[in-house]
Amino acid sequence: MVFKRLLGAIGVGGPSVDTVLDGGAALPGGALTGRVLLRGGGSAVEIEHIGLELIARVEAEHAEGESQGAVAFERFTVGGGFRLGEQEERELPFSVPLPWETPVTELYGQPLGIVLGVRTEVGVAGARDKGDLDPLAVRPLPVQEAVLEAFGGLGFGFRSADLEYGRIGGTGQQLPFYQEIELTPAPQYAHALNELELTFLSSPGGVEVVLEADKRGGPFSAGHDALIRFVVRHEDARALDWQTEVDGWIRRMTEHREVYGSHAAYGHPGAPGIGHHSAAHHSGPGLGTAVAAGAAGLAVGVVGGMVAAEAVDEIGDFFEGEEDEGDEGDEG
């Protein structure tokens, strides 16, 4: 999808900019490639800079409830310092690295409801920055996909996914928000869990897998949250029996009370009331050595369901809202 945006601050006859991302979903930690296409207007202008900004729709928890907003989580300069002639067309290819913690927006081509975008900014001498906004699709890393497949093979179902503003204590998190994938419990664990939330925190060396479970209470005990962390290596994506590994993680959470942390506390430096887990974390057991046997796939719970349709609508609404805000600014 390409949104053609006129640089209204310098008049109707000003230059226009389109950004075309290369086809296919990108990978966390991989390269985002594409082209910025410029077309001159009725007169020559000085292009001071061309920048790309990665933005995400993020939820924040407050004392009054929840709110949503756009958060910029990376910026790149891909050009600038040249004169764009009248009606001149210029193409600037780019390749920039995505942060390793970039959220996953799709699984096997099915949207998860996460909204990411690439905003292009063109700085013209004597005028405001202006540009266009394009949706960004990101697929999981092989080890992330293996873990999700294992959950699907065990019978867990996909409920929803979102981005939460804040930090998970005791981890190597770098971005100001984290992704939560909410799963419904597999039948064999329904007696112990109300729901399970999964977070991936990727880095060049591997992936931290953070699991938070809403544990059911018993006749003589109240329900409470459990938080546990495991670290896996990228090279183990196709070298392990992930269904057995993940089943071991869940059994550890449900069968051993010593792994449970306290209820999650909320707060964030400089932003009171925004979600931040402070419950204790515990390293997981050693990884197995069996070759992955394959799993049914978590995507089965998404394909053909309402979640996928709603996700498409939300993405459209998000980008239409951004475009409307820009148009209002131009008129002002």
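No lab work stands behind these numbers, since they all come straight from the coordinates. For clarity, every value in this text was computed on a predicted model and none was experimentally measured. No Cβ is skipped: glycine too gets one built from the backbone with ideal geometry, and neighbour counts run over all protein chains shown.
Check residue 112: other-chain or 5+ apart residues with amide H under 5 Å from its amide H, H built from backbone geometry?
Hits under the 5 Å cutoff: 106, 107.
Stretched out fully, how many nm does the piece from residue 33 to residue 214 gain, at 0.36 nm a residue minus the Cα gap?
This chain segment gains 61.2 nm when fully extended.
Based on the mean of other Cβ atoms within 10 Å per residue, sort peptides 150-160, 35-45, 72-82 so the most packed one is first. Before the final figure, lay out each step's value.
Details: 150-160: 20.8, 35-45: 17.5, 72-82: 14.6.
Final packing ranking: 150-160, 35-45, 72-82.
Give me the extension gain from residue 72 to residue 174: residue separation times 0.36 nm, minus the current Cα-Cα distance, reported in nm with one decimal.
Values: separation 102, 0.36 × 102 = 36.72 nm, distance 1.34 nm.
Length difference between fully extended and current span is 35.4 nm.
Arranged from highest to lowest average of other beta-carbon atoms within 10 Å per residue, in what order do the peptides 57-67, 196-206, 105-115 appear?
On the way: 57-67: 14.5, 196-206: 19.0, 105-115: 20.9.
By packing density, highest mean first, the sequence is 105-115, 196-206, 57-67.
Which residues' amide hydrogens lie under 5 Å from the amide hydrogen of residue 193, considering only partners 5 or more residues apart or on another chain, with H built in the peptide plane?
Long-range HN contacts for residue 193: 216.
Can you work out the Karplus-derived ³J(HN,Hα) for every residue in the stretch 146-161? Use 6.51 cos²θ - 1.76 cosθ + 1.60 with θ = phi - 60°, whole Hz, and x for glycine or proline.
Each residue's phi maps through the Karplus curve to give 5, 5, 5, 4, 5, 4, x, x, 7, x, 6, x, 7, 10, 6, 9 Hz.
Compute the length gained on full extension between residue 91 and residue 20: take 0.36 nm times their separation in residues and subtract their Cα-Cα distance, giving the result in nm to one decimal. Before the final figure, lay out the partial values.
On the way: separation 71, 0.36 × 71 = 25.56 nm, distance 1.03 nm.
Difference between extended and current length: 24.5 nm.
Tally Lys and Arg at +1 and Asp and Glu at -1 over the other residues with C-beta under 11 Å from the C-beta of residue 90: what net charge comes out? Can you show the working numbers first?
On the way: positive: 35, 39, 83; negative: 88, 89, 91.
Net local charge, residue 90 excluded: 0.
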